[in-house]
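Peer 1: This structure is in structure tokens; I'll ask about it shortly.
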Amino acid sequence: MKFTPEQFRTWETKRITLLGMSGVGKTYISTLLRRHDWFHYSGDYRIGTRYLDEPILDLIKQQAMQAPFLKELLRRDWINIRNNIKIEDLGPVLSFVGKLGNPDFDGLSLPEFTRRQAMYREAEIAAMKDVPEFVRKAQETYGYHHFVNDVGGSLCELEDDAVIDQLAAHTLILYIKVTTPEEEDTLIRRAQSDPKPLYYRPAFLAENLPVYMQEKGLEFVAQVEPNDFTRWVFPRLFRSRVPRYEAIAEPHGYTVTSQEVAQVRSEADFLALVEKAIARKET
């Protein structure tokens, strides 16, 4: 959606999609707004509680069945296992996505990793297609006045124009951009110090995995150390995503910097920042 600063200021039911890499402040802003009559829609939370809930539970049960004591309890339906996913703790989703590499270090084979990546992509697309319905629910069912869509860092990787068009039709897209080498290095170091499962476009993985294996002198994917590969590939993933974010923000939305977001302390600060971004794009 496009606005003038005045139109945004007088927009009675504000609906904003926050776009950017993990760690730039999307969830910080969403949590802040939630305290001021904004419905916080987390794409990853929706993925975990709706679209990957059963596959995640199947994976947990498969692991539990390896323990004879738990196997007996499960087969007799004497215990029940369920997910406990929280917006601020998406551990079950991350565990399902998993990491590529040596099974001795909890890595996944390339076919299994590829299968889960494809499932995650379809789940993220479905979660984003749910946004218009949750905009309605936020107001009519839950009584929230405004709506913030906190999307995963991989939104730019989906290669589904219909998803972006729908988000642009129902929300204002706000891209939070990292602008300094220092901030970029901080995000990369943070990701490398605590490697988390990631979504990769198939073409990106096909291009970078052979490079990694050649550099490390590996012959088989099963020799890949999962955390080492995640640390190695993250800077490349980060830099590959930047032009993809910009390709969404330029025609469909507005851009602010992570430095500007870091200065936001209230709802009023955030709304003023969005107006500033709109005015910047008009000039």
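Laboratory data are not the source of any read-out in this text; all were calculated from the coordinates shown. Since this is a predicted model, take the numbers as computed values, not measurements. Don't worry about glycine lacking a Cβ; one is built from the backbone with ideal geometry, like all the others, and counts go over all protein chains shown.
Peer 1: Cut-off 18 Å, label point 7 angstrom out along Cα-to-Cβ of Glu133: give me the residues of region 8-40 whose amide nitrogen falls inside.
Peer 2: Taking a point 7 Å out along Cα→Cβ of Glu133, the residues of region 8-40 whose backbone N falls under 18 Å are 40.
Peer 1: Can you compute the helix-only [θ] at 222 nm over the chain? Use -39500 (n - 2.57) per DSSP H run of at least 4 residues, normalise by all residues, nearest 500 deg cm²/dmol.
Peer 2: Result for the chain: -17500 deg cm²/dmol, rounded to the nearest 500.
Peer 1: Further question: How much length is gained if the chain between Met65 and Glu246 is pulled fully straight, taking 0.36 nm per residue apart and subtracting their Cα-Cα distance, in nm to one decimal?
Peer 2: Going from the current span to full extension adds 60.6 nm.
Peer 1: Net charge within 11 Å of Asp106 by Cβ-Cβ distance, Lys/Arg positive one each and Asp/Glu negative one each, not counting Asp106 itself?
Peer 2: Here the count lands on -1.
Peer 1: So, one more: Using 0.36 nm times the number of residues separating Gln263 and Leu94, minus their current alpha carbon distance, what extension gain do you get?
Peer 2: Value of the extension gain: 57.9 nm.
Peer 1: Additional query: For percent of Cα pairs over 28 Å apart, one of (1) 41; (2) 28; (3) 45 was computed from the structure I shared and the rest are decoys. Which label?
Peer 2: Recomputing percent of Cα pairs over 28 Å apart here gives the entry labelled (1).
Peer 1: Provide the FRET efficiency to the nearest 0.05 for the Asp106-Ala126 pair, computing r from the beta carbons and using R0 = 25 Å.
Peer 2: Here the calculated transfer efficiency is 0.40.
Peer 1: Return the whole-Å distance between the Cα centroid of region 1-25 and the Cα centroid of region 149-200.
Peer 2: 16 Å
Peer 1: Relative to a virtual label point 7 Å from the Cα of Leu73 in the Cα→beta-carbon direction, which members of region 23-67 show backbone nitrogen distances below 15 Å?
Peer 2: 60-67
Peer 1: Using a 10 Å cut-off on Cβ atoms, rank the peptides 63-71, 251-259, 40-48 from the highest mean neighbour count down.
Peer 2: Listed from highest to lowest mean packing, they are 40-48, 251-259, 63-71.
Peer 1: Placing +1 at every Lys and Arg Cβ and -1 at every Asp and Glu Cβ, with all other atoms neutral, what dipole size does the chain have around its Cα centre, in debye to the nearest 20?
Peer 2: It comes to approximately 380 debye.
Peer 1: Between region 65-118 and region 42-59, what is the separation of their alpha carbon centroids in Å?
Peer 2: Taking the Cα centre of region 42-59 as reference, the centre of region 65-118 is 12 Å away.
Peer 1: Please report the relative contact order for the chain, taking Cα pairs under 8 Å with a sequence separation of at least 6, and give it as a percent rounded to a whole number.
Peer 2: Computed value for the chain: 33 percent relative contact order.
Peer 1: If I stretch the segment between Tyr28 and Leu57 completely, what's the gain in nm (0.36 nm per residue apart, minus their alpha carbon distance), one decimal?
Peer 2: 7.6 nm
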